[in-house]
Amino acid sequence: MKIGIIGAGNIGGNLTRRLTALGHDVSVANSRGPHTLTVLAEETGATPVPVEEAARGAEIVVVTVPQKRVPDLPSGVLDGAAEGVAVIDTGNYYPQQRDGRIAGIEDEGLTESRWTERHLGHPVIKAFNGTYAQDILDRPRPAGAPDRMALPVAGDDEAAKAKVRALIDELGFDTVDAGGIDDSWRQQPDTPVYGLREGVDGVTKALAEASPERPAAFRG
C-alpha cells in the first residue's frame with residue numbers, strides 16, 4: 001500500500017519504520033525539507049519528499065504535526081491522493097504546553113480532530129494520538145495474544161475507518177471503534193484512555209468513563 005506521512009517526529013518516524021518493515025511504500029515529509037530526512041530514508045527505505053508531494057497516490061495519509069502547525073500545511077496538501085484516501089490525524093491540542101489558545105476548539109467546542117478536519121478540507125480518522133511512540137516499535141503482538149494492546153479509533157467515514165483499523169491490526173494492535181469525530185473527545189489528552197496500555201476491554205471501559213469537560217490543564 002502507498003502511504004504518505006506528514007511529520008517525521010516521534011510518531012511519524014516510528015510509523016515510517018514499522019510500515020516500511022511491513023512492505024508498504026512510504027513517502028515521508030516534514031516542514032524542514034527532504035534533505036533533513038536522509039538518515040530516516042537510509043534506515044527505512046522510505047522516500048523523503050516535500051510536504052506538497054507526500055499524499056501523491058497515497059491510499060492512507062498520516063498527518064502527525066503539532067496542532068498549531070495544521071493551518072501552516074500547504075493548501076491542497078491532500079491533492080493527488082488516491083480516490084477514497086483515509087487521512088489519519090494523530091494530533092493533540094496542548095494549549096498551555098505548546099499550541100497556544102485555539103478559538104475553534106475553546107470557543108466553538110470543536111473536538112481537536114474536527115478542527116483539524118476543517119483545515120484539511122477532508123474527513124479524518126483520529127488514531128495514535130494517545131499512543132506512546134516507542135510502543136509502536138516495542139509492543140506489537142500477534143492477533144489473540146493476551147497482552148495485545150488496543151487503540152481507540154474515531155471517525156465519520158466508515159470505509160476509511162475500516163481501512164485504518166486494518167492497518168493498525170497489521171501493525172500488531174487491536175482497535176476499538178470510538179465513534180465519530182464529534183465523539184473523539186473521549187480520547188483527547190487527560191482522558192482515561194489517553195496513554196492507556198490495555199486490551200479491548202480496558203480501552204472500551206476507559207472510553208465510556210471519559211468526561212466531555214475539557215480539563216483545566218488542557219484549556220488555553
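Here are the criteria: (1) farther than 22 Å from Asn30 by Cα; (2) within 12 Å of the chain's Cα centre (by Cα). Tell me which single one Gly109 does not satisfy.
Condition (2) is where Gly109 drops out.
Can you tell me which residues in the stretch 180-200 are surrounded by fewer than 18 Cβ atoms within 10 Å (Cβ to Cβ) and closer than 12 Å to Pro212 by Cβ?
Asp182
Please give the number of the condition Pro50 fails out of (1) in contact with a strand residue (DSSP E or B) (Cβ under 8 Å, 6 or more places away or on another chain); (2) loosely packed, with under 15 Cβ neighbours inside 10 Å; (3) closer than 16 Å to Leu167 by Cβ.
Exception for Pro50: condition (3).
Can you run down the residue pairs with Cβ atoms below 6 Å, 6 or more apart or on separate chains, where the first is in the stretch 120-134 and touching a residue at least 40 places away in the same chain (Cβ under 8 Å) and on the phi < 0 side of the Ramachandran plot and the partner is open to solvent by 10 Å² or more (accessible area, probe 1.4 Å) and β-branched (Val, Ile, Thr)?
Asn129/Thr90; Ala133/Ile11
Taking the condition at pLDDT 95 or above, more than 19 Å from Pro66 (Cα to Cα) and among the β-branched types (Val, Ile, Thr), does Val124 pass?
No; evaluated as a whole, the condition is false for this residue.
Are there any pairs, at least 6 apart or on different chains, whose C-beta atoms fall under 6 Å, with the first in the stretch 1-26 and over 13 Å from Leu167 (Cα atoms) and the second charged (D, E, K, R), and if so, which?
Asp25/Lys2
If you go through the stretch 135-163 one residue at a time, how many are small (Gly, Ala, Ser), in contact (Cβ under 8 Å) with a residue 40 or more places away in the chain and either in contact with a Cys (Cβ under 8 Å, 6 or more places away or on another chain) or assigned to a helix (DSSP H, G or I) (or both)?
Residues meeting the conditions: 2.
Please find, among Val203, Val176, the residue that is buried (at least 16 other Cβ atoms within 10 Å of the Cβ), in a helix (DSSP H, G or I) and in contact with a strand residue (DSSP E or B) (Cβ under 7 Å, 6 or more places away or on another chain).
Of Val203, Val176, the one residue that is buried (at least 16 other Cβ atoms within 10 Å of the Cβ), in a helix (DSSP H, G or I) and in contact with a strand residue (DSSP E or B) (Cβ under 7 Å, 6 or more places away or on another chain) is Val203.
Give the residue, chosen from Gly45, Gly13, Gly4, Gly9, that is at positive phi and modelled with pLDDT of 95 or more.
Result of the check over Gly45, Gly13, Gly4, Gly9: Gly45.
Out of (1) under 25 Å from Ser184 (Cα atoms); (2) touching a Gly at 6+ places or on another chain (Cβ under 8 Å); (3) in contact (Cβ under 8 Å) with a residue 60 or more places away in the chain, what's the single condition that is false for Ala82?
(1)
Criterion first (at pLDDT 95 or above and surrounded by fewer than 14 Cβ atoms within 10 Å (Cβ to Cβ)) does Arg56 satisfy it?
Judged against the criteria, Arg56 is not a match.
Please go through the stretch 179-200 and pick out each residue that is within 22 Å of Tyr94 (Cα to Cα) and part of a loop (DSSP other than H, G, I, E, B).
Gly180, Gln188, Pro189, Asp190, Thr191, Pro192, Val193, Tyr194, Gly195, Leu196, Arg197 - these are the residues of the stretch 179-200 that are within 22 Å of Tyr94 (Cα to Cα) and part of a loop (DSSP other than H, G, I, E, B).
For the subset of the stretch 1-39 comprising residues that are closer than 16 Å to Ala58 by Cβ and among the hydroxyl-bearing types (Ser, Thr, Tyr), which member is surrounded by the fewest Cβ atoms within 10 Å (Cβ to Cβ)?
Taking the candidates together, the pick is Thr20.
Considering only the stretch 73-132, state which residues are assigned to a helix (DSSP H, G or I), open to solvent by 10 Å² or more (accessible area, probe 1.4 Å) and of a type in the set (D, E, K, R).
If the condition is that a residue be assigned to a helix (DSSP H, G or I), open to solvent by 10 Å² or more (accessible area, probe 1.4 Å) and of a type in the set (D, E, K, R), then Arg98, Asp99, Glu106, Arg114, Glu117, Arg118 are the ones that fit.
The values are calculated or read from the model by the stated rules, or taken from the named source; none is laboratory data. In this text the structure is predicted, and so the values were computed from the model without any measurement. A quick note on method: Cβ atoms are made from the backbone with ideal geometry, for glycine too, and the neighbour counts reach across all protein chains shown. Remember, those area values only see protein heavy atoms, side chains included, never the ligands or the DNA or RNA. Shrake-Rupley method; radii C 1.70, N 1.55, O 1.52, S 1.80 Å.
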